[in-house]
Structures are given as C-alpha cells and as structure tokens.
Amino acid sequence: MLIKLGKENLQSEFVKLVERISGEELANCYQCGNCTGGCPVSFAMDFGPREIIRLLQLGQEDAVKNSNSMWLCVGCLQCYCRCPKGVSAAKILEALRQITLRKGDDHAQIKEIAFPFMKNAPQQAIVCGFRKFVS
Amino acid sequence: MKISYYPGCTLNTVAKGFDTSARQSAVLLGFELKELVQWNCCGAAFPLTPDNVMGLTAPAKVLSNARKEGDTVTTLCSVCYNVLKRTNKVVRDDKEKRGVINNFIEEEYDGSLNVIHFLEVLRDKIGFDKVKAAVKRPLKGVKAGAYYGCMLLRPFEDMGIDNAEAPTIFEDLLKTLGCEPVEFPNKIECCGTHLAMGNEDVVTKLSGNVLSSAKNKGAEIIVTSCPLCQYNLEKSQKRMEGSVGGTQMPSLYFTQLLGLALGQDEGSLGLEKNLFDVRPVLKGKGI
Ligand code: SF4
Ligand code: SF4
C-alpha cells in the first residue's frame with residue numbers, strides 16, 4: 001500500500017477529532033501488536049486494531065474510514081486489557097463509529113433487518129446493535 | 001433477606017427462564033429477589049467514548065431509582081451488570097458528568113449504590129458453602145464449561161468481580177452443585193455479541209470457537225450468564241448443524257443449573273426454551 005505522508009495528513013483535523021472523541025493519544029501506541037493478537041474479530045477486519053492505529057498515526061483518513069474494522073469491533077476490550085501501554089483500541093474504533101454516525105451516516109437500515117431476528121433475538125442485541133450501527 | 005433486583009429487558013421477555021429460575025433458586029436459598037418498582041432499559045452498551053454522556057443517562061436513571069429502594073442492587077445479565085456498574089462508577093467519581101446527568105434525568109443521584117452480580121450474591125452474601133448445603137440433587141459427574149464471555153470481567157478496574165484473565169467464581173459455583181468444571185481456553189472470549197444483527201458468519205465463527213474449545217476439553221454442557229451469549233451459542237450450533245466441527249452441546253443459564261441442583265420444580269426453569277436440552281445429559285448420569 002502506497003502511503004503519502006505530509007503535514008496535512010499528520011496534523012489533520014480528522015486525526016485530532018479521533019483523539020478528542022476517544023480520549024486516547026495515538027502516539028502512545030508503540031505497535032507491539034498485542035491488541036490484534038487478542039482481538040477475536042481481527043481475522044475478518046480489513047485492518048486489525050494495531051494497523052488502524054498505525055494508519056491514524058500516519059494520518060491516513062481514507063484508508064481508515066473505508067475499512068470495515070470499526071463495524072466489526074465487538075467492544076470486548078481484549079485489546080485494552082492486553083495493551084502494555086494502556087491504549088484502548090476499542091475506544092478509538094468507537095470514536096470512528098461515532099464520527100460516522102454523528103453525521104447521520106447509518107451503518108444499518110432498520111427496515112433491512114430480518115424480521116425473525118427482530119422477533120426472536122434478545123432485546124439487548126437489538127438495542128446494542130442500534131447503538132453501534134444507527135445514529 | 002431481600003435483595004433489590006434489576007431484571008432488564010431481555011429477562012423480562014425472551015430470557016424468562018433465566019429470571020424465573022433465579023427467583024425460585026433464591027427462595028430455596030432463603031432470600032427474595034425483589035424486583036425494582038421502577039426500572040428501564042440500561043442501554044445494553046456502556047458508551048466507550050468518554051464524551052458520550054447521553055449514553056449514561058438511561059443506566060443512571062435505573063441506578064437513581066434503585067437507590068431509593070436500598071443500598072444494593074443485583075442483576076443477572078452480564079451486560080446489564082457491566083453497564084450499570086460502570087455507569088455507577090462514572091457518576092460517583094466524575095463530578096462534572098454527575099452534574100450533567102442529574103440535570104438531564106432530574107434526579108440527585110450520587111453513585112452510592114452497590115451494584116453486584118447474582119454470582120456475587122451467591123458467593124459473598126449467601127456463601128457457596130450454604131449453597132452446597134442446600135443442594136438436593138447433586139449434578140455429579142456433569143462436565144460443565146463455565147463461559148464468562150466479556151462483560152462480567154472487563155475492564156477489570158471497573159468490574160472487579162474476579163481475576164479478569166483467570167477467573168474462577170463461575171467454576172466455584174459449578175463445583176458446589178456437584179459438577180466437574182472444565183477449564184477451556186476460550187472461556188473469556190467474545191461470542192460475537194451484537195454482530196448477530198447482520199453479521200451472522202462472524203458470530204458463528206466466534207461462538208463456534210468457544211463451543212469447540214469447551215468440547216475439546218471434555219465439556220458436555222456449557223453454562224452462560226448472559227442472554228446474548230446464550231442466543232449466539234445456540235443459534236451458531238443450529239447454523240452449523242451437520243457441518244464439520246459442529247457441536248450439539250446443551251447450553252443453559254447458570255441459574256437453570258442451580259435450580260436443577262436445588263431440586264426446583266422443572267416447570268419454572270424454562271428448560272423447554274433451550275434449543276439443546278440438558279436433561280438427556282443428566283439422565284445419562286442417573287441424575
Ligand atoms: S497493544 Fe497497545 S501498544 Fe501494542 S499495538 Fe496495540 S494499542 Fe499499540
Ligand atoms: S474491543 Fe474491538 S478491537 Fe478490541 S479486541 Fe475487541 S473486537 Fe478487537
């Protein structure tokens with residue numbers, strides 16, 4: 001992957017916004033990969049949590065936004081529990097979701113959710129799913 | 001003894017057996033789970049970003065109402081427990097957020113409630129030795145995998161129910177019921193949670209990993225403390241039926257197992273709602 005680095009990426013408004021909403025400092029991550037090692041869904045993510053943080057450190061807004069990673073994070077906190085630097089990738093991925101949802105860009109359309117699921121699933125799955133996928 | 005009890009939405013509807021088996025078990029152990037007079041949904045997800053104060057208002061309302069009825073509240077669902085306990089800590093320790101939340105919900109709540117899981121009630125308030133003494137039908141020789149999932153344990157500094165990497169509270173309970181708990185690597189891994197909404201393949205993989213990990217270590221049944229874990233484990237097994245690596249393992253709530261061991265009337269346990277019935281396993285052991 002070709003990455004163009006410049007001041008405009010490294011100090012972009014987007015990166016600052018991620019830091020502000022998540023409360024995490026991206027520079028604290030030293031890329032050991034423990035988070036991705038513990039992440040149960042990294043196998044399905046375009047970029048695992050470590051890579052997402054690296055891309056953000058390098059200001060790669062589009063790569064991060066266009067990846068499926070934020071929508072697959074289950075918020076299990078294994079990344080945070082195993083991070084030797086106390087970084088929470090979970091918060092960073094939640095911030096990415098929030099940035100998208102707060103613009104009104106929903107990830108799930110309520111009318112497209114299968115009826116049997118709405119009828120039989122535990123309420124908590126529906127409430128939690130809406131919180132993560134719908135603005 | 002009476003303990004204030006917050007059922008949460010799911011136990012009031014699709015996971016009724018989790019609720020009734022716990023209430024009945026409490027009676028058999030000599031105490032009452034007293035449902036809160038007023039409660040609402042906890043929101044089902046603790047907001048991970050610190051700037052999302054809105055997500056804390058629903059659980060704060062629950063806590064504030066519960067505080068009016070006593071100093072302690074217990075809950076059964078791991079997610080409710082996680083959301084309520086973490087929100088309580090924010091209200092208690094963060095003065096600024098407390099002010100905003102109280103303003104919004106029109107209450108004066110200070111975070112002084114004690115939020116405990118029903119497993120903690122059994123361990124710390126009743127005592128596992130007393131539970132053991134009340135067992136009428138020991139589940140001798142039943143190899144059970146205790147599945148914690150995420151929300152009971154993490155993050156440790158907020159939950160503190162047990163060691164977050166190597167917990168034993170669940171196994172300790174199973175031992176008091178006569179079971180042989182099985183240690184398996186995926187006991188604290190995620191089931192796939194809300195990805196059940198639209199991403200079943202990932203859930204099947206995650207839950208499948210939990211089930212096969214338990215099975216490989218010899219588990220005959222798997223025990224849960226969350227309706228969403230229960231749902232994902234059961235549905236994943238249904239989806240994998242007949243495929244290589246598929247399992248057919250009864251999965252049930254720990255309170256259903258507790259009820260069985262205490263000699264509770266089977267009609268109030270909700271076992272018929274479980275997709276894979278535990279009773280043939282018990283029968284096979286002469287229980
Ligand atoms: S575990 Fe922590 S320090 Fe290591 S790569 Fe992940 S976020 Fe960075
Ligand atoms: S919280 Fe998200 S990023 Fe972290 S380990 Fe879990 S799924 Fe992976």
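Quickly run through region B:204-225 and pick out the residues that are in contact (Cβ under 8 Å) with a residue 24 or more places away in the chain and within 9 Å of another protein chain (Cβ to nearest Cβ). Of everything in region B:204-225, just one residue is in contact (Cβ under 8 Å) with a residue 24 or more places away in the chain and within 9 Å of another protein chain (Cβ to nearest Cβ), namely B:206. Restricted to region B:186-202, and to residues there that are within 19 Å of the chain's Cα centre (by Cα) and more than 7 Å from every other protein chain (Cβ to nearest Cβ), the residue that is surrounded by the most Cβ atoms within 10 Å (Cβ to Cβ) is B:191. With respect to (1) closer than 21 Å to residue B:44 by Cβ; (2) in contact with a Gly (Cβ under 7 Å, 6 or more places away or on another chain), the lone exception for residue B:101 is condition (2).
Only one of A:23, A:38 is within 16 Å of ligand 1 (Cβ to nearest atom), within 24 Å of residue B:82 (Cα to Cα), facing chain B (nearest Cβ under 10 Å) and surrounded by fewer than 17 Cβ atoms within 10 Å (Cβ to Cβ); which? Even if it seems obvious, please write down each step before you answer.
Details: A:38 fails: surrounded by fewer than 17 Cβ atoms within 10 Å (Cβ to Cβ).
Every option except A:23 fails the conditions.
Kindly evaluate residue A:78 against the criterion of being within 16 Å of ligand 1 (Cβ to nearest atom), surrounded by fewer than 14 Cβ atoms within 10 Å (Cβ to Cβ) and not assigned by TED's automatic domain parsing to the domain that holds residue A:128. Taking the combined requirement at face value, the residue does not satisfy it. Within region B:226-252, restricting attention to residues that are of a type in the set (S, T, N, Q) and out of contact with any Leu (no Cβ under 8 Å at 6 or more places or on another chain), the residue that is nearest to the other protein chains (Cβ to nearest Cβ) is B:243.
A single member of B:82, B:12, B:65, B:40 is modelled with pLDDT under 95 and not assigned by TED's automatic domain parsing to the domain that holds residue B:158, and it is B:12.
Considering A:86, A:59, which residue is more than 10 Å from chain B (Cβ to nearest Cβ), within 16 Å of ligand 1 (Cβ to nearest atom) and over 14 Å from the mean Cα position of the chain (by Cα)?
Values: A:59 fails: within 16 Å of ligand 1 (Cβ to nearest atom).
Answer to the selection: A:86.
In summary, helices (runs of 4 or more DSSP H) completely within region A:16-135 and bearing 1 or more residues that are away from ligand 2 (no atom under 12 Å from the Cβ) and aromatic (Phe, Trp, Tyr) occur at A:115-120, A:123-133.
Collect the residues in region B:231-269 that are assigned to a loop (DSSP other than H, G, I, E, B), modelled with pLDDT under 95 and not hydrophobic (A, V, I, L, M, F, W, C), keeping them in residue-number order.
Taking region B:231-269 as the starting set, the residues that turn out to be assigned to a loop (DSSP other than H, G, I, E, B) are B:240-250, B:262-265, B:269.
After this cut, where a residue has to be modelled with pLDDT under 95 as well, the list is B:240-248, B:265.
Selection gives B:241, B:242, B:243, B:245, B:246, B:247, B:248, B:265.
Residue A:16 - would you say it is within 14 Å of chain B (Cβ to nearest Cβ), free of Cβ contacts under 8 Å to residues at least 12 places away in the same chain and away from ligand 1 (no atom under 11 Å from the Cβ)? Don't jump to the end; show me each part of the working.
Working: within 14 Å of chain B (Cβ to nearest Cβ): yes; free of Cβ contacts under 8 Å to residues at least 12 places away in the same chain: yes; away from ligand 1 (no atom under 11 Å from the Cβ): yes.
For residue A:16, the condition - within 14 Å of chain B (Cβ to nearest Cβ), free of Cβ contacts under 8 Å to residues at least 12 places away in the same chain and away from ligand 1 (no atom under 11 Å from the Cβ) - is met.
Hey, can you tell me all the residues within region B:149-169 that are under 19 Å from residue B:206 (Cβ atoms) and under 14 Å from the mean Cα position of the chain (by Cα)? Correct list: B:149, B:150, B:151, B:152, B:153, B:154. Here residue B:150 fulfils each of the conditions (1) over 22 Å from residue B:231 (Cα atoms); (2) buried (at least 21 other Cβ atoms within 10 Å of the Cβ) apart from (1).
Each row is one residue, and each column tells you yes or no for (1) away from every other protein chain (no Cβ under 14 Å); (2) crowded, with 23+ Cβ neighbours inside 10 Å.
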position: B:10; (1), (2): no, yes
position: B:18; (1), (2): no, yes
position: B:25; (1), (2): yes, yes
position: B:67; (1), (2): yes, no
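Do you know which of the residues in region A:62-74 that are surrounded by fewer than 22 Cβ atoms within 10 Å (Cβ to Cβ) and facing chain B (nearest Cβ under 9 Å) is nearest to ligand 1 (Cβ to nearest atom)? Out of the qualifying residues, it is A:72. For beta carbons closer than 7 Å, sequence separation of 6+ or different chains, a first residue in region B:1-27 that is in a loop (DSSP other than H, G, I, E, B) and a second that is among the acidic types (Asp, Glu), the qualifying pairs are B:7/B:19; B:7/B:35. Per the listing B:93, B:162, B:172, the residue uniquely buried (at least 16 other Cβ atoms within 10 Å of the Cβ) and without any contact (Cβ under 8 Å) to a residue 24 or more places away in the chain is B:162.
The values are calculated or read from the model by the stated rules, or taken from the named source; none is laboratory data. Given the structure is predicted, the values throughout are model-derived calculations rather than measurements. FYI the Cβ positions are ideal-geometry reconstructions off the backbone, even for glycines, and counts take in every protein chain you see.
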